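Below is one structure, written out as structure tokens; the observations come after it.
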Amino acid sequence: MGAGISGENAKLLQEAGVAAIDVSGLGGTSWPLIESYRSEKDLGITLSSWGIPSCAALVESQRMTSVPLIASGGIRSGVDIAKALCLGASMCGMALPFRTAAETGSEAVVKRVQKVIDELRAAVFLTGSRNAEELRSKPVLITGNTREWLELRGI
């Protein structure tokens with residue numbers, strides 16, 4: 001739903017036997033907002049910023065589970081993918097950059113995919129990693145609102 005998966009809920013999902021978890025955090029598509037436009041009611045506008053930010057949902061879930069995690073919700077570039085890999089994601093989901101490119105045509109989608117690949121490769125190189133998998137072992141610094149969120153959650 002794009003409101004994020006808490007660490008506690010990720011743990012429950014793992015205990016229920018799921019094979020992977022998409023943390024689907026706040027920062028991407030706001031389904032309450034979409035429903036608000038569809039139904040012409042304004043409750044979704046009120047709830048459009050409700051949820052766990054993607055980065056916090058990923059870190060919380062990574063700390064409390066051992067299943068593969070999919071980072072989605074606000075992933076817009078290869079650099080975002082690199083950051084998510086550093087924070088424990090096994091893979092990432094992206095929508096908006098490709099939907100926007102698709103409005104122009106298939107060639108624009110191919111160019112956008114190549115741009116994301118180039119950005120990820122650059123991030124791998126700039127961290128001194130040999131490949132995207134190696135990013136997962138790199139030290140990270142979490143600052144700002146995300147740091148505050150995680151500290152308040154005891155992480």
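The values are calculated or read from the model by the stated rules, or taken from the named source; none is laboratory data. Here the structure is a predicted model, which means the values were calculated and not measured. Please note: Cβ atoms are built from the backbone with ideal geometry, for glycine as well, and neighbour counts cover all protein chains shown. Heads up: the accessible areas ignore ligands, DNA and RNA and are worked out on the full protein's heavy atoms, side chains in. Shrake-Rupley method; radii C 1.70, N 1.55, O 1.52, S 1.80 Å.
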- Message: Pull out all pairs, ordered by first then second residue, where Cβ-Cβ is under 7 Å, the residues are six or more apart or on different chains, the first lies in the range 101-123 and is at pLDDT below 95, and the second is open to solvent by less than 60 Å² (accessible area, probe 1.4 Å).
- Response: none
- Leading residue by the ranking (nearest to ILE81 (Cα to Cα)) among those in the range 6-37 that are among the β-branched types (Val, Ile, Thr) and open to solvent by less than 30 Å² (accessible area, probe 1.4 Å): VAL23
- Message: Against the definition (modelled with pLDDT of 95 or more and either in contact with a Ser or Thr (Cβ under 9 Å, 6 or more places away or on another chain) or of a type in the set (D, E, K, R) (or both)), how does GLU40 come out, yes or no?
- Response: no
- Message: If VAL140 satisfies all but one of (1) assigned to a helix (DSSP H, G or I); (2) touching a residue at least 12 places away in the same chain (Cβ under 8 Å); (3) farther than 26 Å from SER30 by Cα; (4) not aromatic (Phe, Trp, Tyr), what's the number of the condition it fails?
- Response: (1)
- Query: Which residues, taken from the range 88-98, are open to solvent by 30 Å² or more (accessible area, probe 1.4 Å) and either part of a helix (DSSP H, G or I) or touching a residue at least 40 places away in the same chain (Cβ under 8 Å) (or both)?
  - Reply: SER90, ALA95, LEU96, PHE98
- Message: Just to be sure before I move on: is GLY17 of a type outside the set (Val, Ile, Thr), in contact (Cβ under 8 Å) with a residue 40 or more places away in the chain and not in a helix (DSSP H, G or I) in the structure I sent?
- Response: no
- Restricting to helices (runs of 4 or more DSSP H) lying wholly in the range 22-86: which have 3 or more residues that are touching a residue at least 12 places away in the same chain (Cβ under 8 Å) and within 18 Å of THR143 (Cβ to Cβ)? 54-64, 78-86
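Rundown of residues vs (1) over 21 Å from TRP149 (Cβ atoms); (2) open to solvent by less than 40 Å² (accessible area, probe 1.4 Å), yes/no style:
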| position | (1), (2) |
| --- | --- |
| GLY4 | no, yes |
| SER49 | no, no |
| LEU69 | no, yes |
| LEU85 | no, yes |
| THR100 | yes, no |
| GLU107 | yes, no |
- Task: Report, by residue number, each residue of the range 51-63 that is among the aliphatic types (A, V, I, L, M) and surrounded by fewer than 18 Cβ atoms within 10 Å (Cβ to Cβ).
- Result: none
- Complete set of residues in the range 124-137 that are assigned to a helix (DSSP H, G or I) and farther than 18 Å from MET91 by Cβ: PHE125, LEU126
